[in-house]
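Contents: one structure, followed by commentary.
The values are calculated or read from the model by the stated rules, or taken from the named source; none is laboratory data. All values reported here derive from a predicted model rather than from experimental measurement. Positions of Cβ are generated from backbone atoms using ideal geometry, with glycine treated the same way; all protein chains shown enter the neighbour counts.
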Amino acid sequence: MKRTDKPSMAGILGWPLGHTLSPAMHNAGFRSLGIPCVYLPFPVDAAHLRDAVKGIRTLGFIGVNVTVPHKKAVIPFLDRTDAMARRIGSVNTIVNARGKLTGYNTDAEGFLRDLSDGGFSPRGKIAMVLGAGGAARAVVYALHGAGVKKVLVVNRNENRGRRLAKTVRSGVFVPRKEIARRLPEADLLVNATSLGLQAGDPSPVAGIGLPRGLFAYDLVYHRTTRFMAQAKKSGCTVRGGLGMLLHQGTRAFELMTGMKAPVEVMKKALLKALAAT
Ligand code: NDP
């Protein structure tokens, strides 16, 4: 009997957990493969995180996703973490294998799968990454692992940006005032800051000319941001973060179920859930 043959649960832990698209995406995947599992949102605050993680074992969940603000805080409560999650320092997926909890980070792989869907291959290219938070770390490790020649890291908090750039051999820290000078050498520009999350947020590169032909990627997935609009106007190829969200989810689904994710079904469910927000 496979782990996914008996009725089980999965879900997402976060706080505050507003509207999340993950249940729609995962439940569609379970239904399509006939897996008797239900995926639910679990709003859990920091004070109850340890108990919630214990509950994954006690209640025999197949796994959970983890979102802000617990991606780092959850690590001490797990039995182990995979190499990528350790490098990034954050976990977005926990898999329960016979009571042993392993933490993974599927954001890096989700980003790479979506870049590939968008027709961009990072090998040998130069990328500029804006931001040095959890998502930017995943992007920088993903790009480094995929063989970029150089990854230029820009961040408002320079110390944080410098620290991130130093963690990979291809990393180079670039101060914000140098963006315009360094941008012409880049093939890929990634907005991994939280600018764009709120309507009306400025572009992180407002007022800076973007070279035509640049591939501009914004991790924000639920709206056309000013960064995306600016890039489109400049003649860049533009891609939002919806595909990254899809693929971090399909990878998490595969880790939890041990089965190949029905990507098209999950994508359709994600788009439908997004349209309903
Ligand atoms: P963090 O809070 O960890 O990091 C935020 C980053 O944004 C930091 O580098 C911060 O700089 C920078 N920042 C915040 N405000 C400003 C500002 N006003 N000007 C310039 N820089 C700013 O967030 P995450 O890394 O978790 O998330 C970043 C974005 O990525 C969010 O929009 C999130 O929704 C998105 N995301 C999308 C995913 C997807 O699947 N598409 C997956 C994960 C995240 P500083 O260090 O100076 O504070």
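Taking V265 as the residue in question, decide whether it is β-branched (V, I, T) and out of contact with any helix residue (DSSP H, G or I) (no Cβ under 7 Å at 6 or more places or on another chain).
For V265, the condition - β-branched (V, I, T) and out of contact with any helix residue (DSSP H, G or I) (no Cβ under 7 Å at 6 or more places or on another chain) - is not met.
Could you list, in sequence order, the residues of segment 94-109 that are assigned to a loop (DSSP other than H, G, I, E, B) and away from the ligand (no atom under 16 Å from the Cβ)?
Within segment 94-109, the subset assigned to a loop (DSSP other than H, G, I, E, B) is 98-99, 105-106.
Matches in segment 94-109: R98, G99.
Looking for whichever is modelled with pLDDT under 95 and either part of a helix (DSSP H, G or I) or within 16 Å of the ligand (Cβ to nearest atom) (or both) here; the options are V68, V91, V53. Which one fits? Lay out the reasoning, then the answer.
Working: V91 fails: modelled with pLDDT under 95; V53 fails: modelled with pLDDT under 95.
After ruling out the rest, the residue left standing is V68.
Go through segment 154-169 and count every residue that is within 8 Å of A132 (Cβ to Cβ), near the ligand (Cβ under 8 Å from one of its atoms) and either of a type in the set (A, V, I, L, M) or touching a helix residue (DSSP H, G or I) at 6+ places or on another chain (Cβ under 8 Å) (or both).
The number of residues fulfilling the criteria is 1.
Being under 26 Å from G118 (Cα atoms), modelled with pLDDT of 95 or more and within 12 Å of the ligand (Cβ to nearest atom), is that true of even one residue in segment 173-186?
yes
Can you tell me how many residues in segment 120-144 are within 27 Å of T250 (Cα to Cα), away from the ligand (no atom under 11 Å from the Cβ) and touching a residue at least 60 places away in the same chain (Cβ under 8 Å)?
5
Would you mind listing the helices (runs of 4 or more DSSP H) fully within segment 213-277 where at least 2 residues are under 21 Å from S116 (Cα atoms) and of a type in the set (S, T, N, Q)?
Values: elements: 226-233, 242-257, 263-275.
It comes to 242-257.
Would you pick out the residues in segment 200-247 that are within 12 Å of the ligand (Cβ to nearest atom), of a type in the set (S, T, Y) and at pLDDT 95 or above?
Once the filter is applied, which keeps residues that are within 12 Å of the ligand (Cβ to nearest atom), of a type in the set (S, T, Y) and at pLDDT 95 or above, segment 200-247 yields S203, Y217, T225.
Given the criteria of a type outside the set (F, W, Y) and buried (at least 20 other Cβ atoms within 10 Å of the Cβ), does T102 qualify?
So T102 fails the test.
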